[in-house]
Amino acid sequence: MGTKERYESTAAEVARECASAGRDAGDVVLIAVSKTVGPEEVECAIRAGARDFGENRPDQLVMKADLFPDVNWHFIGNIQSRRIKDIVGRATLIHSLFEERHALKIDAVAAQKGIVQDVLLEVNVSGEESKSGLSPSQVAHMLDACASLEHVRVRGLMTMAPRGGGQTVDATFEGLAELRDELRSSMPRDRADVFTELSMGMSEDWPQAVRDGATMVRIGRAIFSDDF
Ligand SMILES: *Cc1c(COP(=O)(O)O)cnc(C)c1O
């Protein structure tokens with residue numbers, strides 16, 4: 001199988017998993033994480049119907065988003081202050097915001113460009129030390145900080161599950177979904193209306209994420225690697 005076939009079969013599996021979870025296939029965006037491949041493979045995925053791609057390095061995001069401006073580019077990597085100017089505007093959605101100083105800088109750059117940047121807040125639900133993100137108890141404060149920024153719009157939450165599958169993975173995804181619902185219920189209406197997204201699930205655990213309410217899954221190896 002090549003990239004085209006792997007993308008098509010992954011998209012079909014996501015649709016099947018949605019159906020069996022009683023959800024609409026259109027409720028879950030499949031993000032093809034193209035961080036390990038070049039433009040040729042991106043083009044194959046586009047030909048197979050891919051419209052959303054994820055990158056974790058600013059250089060790759062810039063290169064590929066400029067080559068393929070008609071699809072959506074998601075920034076899912078570590079944010080560095082000096083690269084924010086390259087990410088803002090190119091990224092349809094920044095998934096990995098968790099520092100207030102970065103929110104301020106994203107706001108300033110977006111203001112300069114005359115846009116509103118959509119972001120997700122990254123949450124370290126499982127509490128593993130190796131993972132970045134806000135602890136669940138810090139999210140409300142970060143949301144308040146972002147609420148005063150006119151050029152940043154928080155669309156939801158993102159997390160990474162611990163490796164190895166099983167119950168801790170479900171607990172992580174369920175925890176993120178509960179946190180979103182809880183925060184959403186105490187927000188003003190206009191903010192709650194757009195605070196809907198749950199970016200969770202990767203090649204190894206995305207079916208669980210779909211069952212737990214993911215609205216976006218980020219799949220790399222299952223699409224772009226021939227030995228996954
Ligand atoms: C690489 C990456 C993915 C995709 O991981 P796979 O295991 O290749 O599906 C998803 N999310 C983030 C944040 C990543 O860095």
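Here, each number is a calculation from the coordinates, and none is a lab measurement. Since the structure is predicted, the reported quantities are computational estimates derived from the model, not experimental observations. Methodologically, a virtual Cβ is constructed for each residue, glycine included, from the backbone with ideal geometry; neighbour enumeration extends over all protein chains shown.
Of note:
- Value of [θ]222 nm, deg cm²/dmol, for the chain, DSSP H segments ≥ 4, -39500 (n - 2.57) each, nearest 500: -12500 deg cm²/dmol
- For the stretch 82-130, relative contact order (Cα pairs under 8 Å, six or more residues apart, normalised by length) works out to 45 percent.
- P(r) tail for the chain: Cα pairs beyond 32 Å make up 15% of the total.
- For the stretch 74-83, backbone phi angles converted through the Karplus equation (6.51, -1.76, 1.60; θ = phi - 60°) give residue-by-residue couplings of 10, 9, 10, x, 5, 8, 10, 3, 6, 9 Hz, Gly and Pro being listed as x.
- Among HIS102, HIS141, HIS151, residue whose mean-square fluctuation peaks in a GNM of the chain (springs only between Cα atoms under 10 Å): HIS141
- Additional length obtainable on full extension of the chain from GLU99 to ASP144, 0.36 nm per residue less Cα span: 14.9 nm
- Residues whose amide H falls under 5 Å from that of VAL29, counting only those 5 or more places apart or on a different chain, are MET216, VAL217, with hydrogens built in the peptide plane.
- Among the lysines of the stretch 1-145, pairs that are 8 or more positions apart or on different chains and have alpha carbons within less than 17 Å of each other number 6.
- Taking 7 Å steps out from each Cα toward its Cβ at SER81 and GLU43 produces label points 4.0 nm apart.
- With 0.36 nm allotted per residue and the present C-alpha distance subtracted, the ASP226-GLU178 stretch has 13.7 nm of extension available.
- Alpha carbon centroid spacing (whole Å) that separates the stretch 27-51 from the stretch 167-222: 21
- For a modelled paramagnetic label at ARG51, 7 Å from Cα along Cα-to-Cβ, the residues of the stretch 184-218 in reach, with backbone nitrogen under 18 Å, are 197-198, 215-218.
- Rounded to whole Hz, the Karplus (6.51, -1.76, 1.60) HN-Hα couplings of the stretch 24-38, x for glycine and proline: 6, 4, x, 7, 10, 8, 8, 9, 7, 7, 9, 4, 9, 10, x
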